[in-house]
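As structure tokens, the structure follows; a few thoughts come after it.
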Amino acid sequence: MSTKELISKIDALPPEFRREVEDFIDFLKQKLDRGEGKKPLEKRQFGYAKGFFKMSDDFDEPLEDFKDYM
């Protein structure tokens with residue numbers, strides 16, 4: 001939704017509902033200022049995925065399916 005569409009929807013509301021929209025916007029701005037809604041990054045542990053998967057020895061070899069194109 002574009003800003004113009006949002007503004008036109010707000011303009012179509014009665015004054016008492018506009019005040020509620022304004023209060024909600026203030027609430028969201030306060031929430032953003034407090035840092036809520038942002039998940040803090042966790043420190044990554046080196047080597048965490050070791051052993052989860054194994055690459056085959058012929059990983060870099062050309063595939064049989066593409067032999068016609070080579």
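Every number in this text was worked out from the coordinates using simple rules, so none of it is lab data. All values reported here derive from a predicted model rather than from experimental measurement. Heads up, the Cβs are rebuilt from the backbone with ideal geometry, glycines too, and the neighbour counts pull from every protein chain shown.
Placing dummy labels 7 Å off each Cα toward the beta-carbon, the span from Asp33 to Glu5 is 3.0 nm. Computing mean projected area of the Cα convex hull in nm² for the structure here picks out one of [x] 5.4; [y] 12.1; [z] 4.0, namely [y].
So, in nm, how far is label Tyr48 from label Asp26 when the simple model puts each one 7 Å beyond its Cα toward the Cβ? Each label point is offset 7 Å from its Cα along the Cβ direction, giving 4.1 nm. Calculated mean residue ellipticity, 222 nm, the chain: -13000 deg cm²/dmol, from DSSP H runs (n ≥ 4) at -39500 (n - 2.57) each, averaged per residue and rounded to 500. Segment 40-60 and segment 1-34 have their alpha-carbon centroids 45 Å apart.
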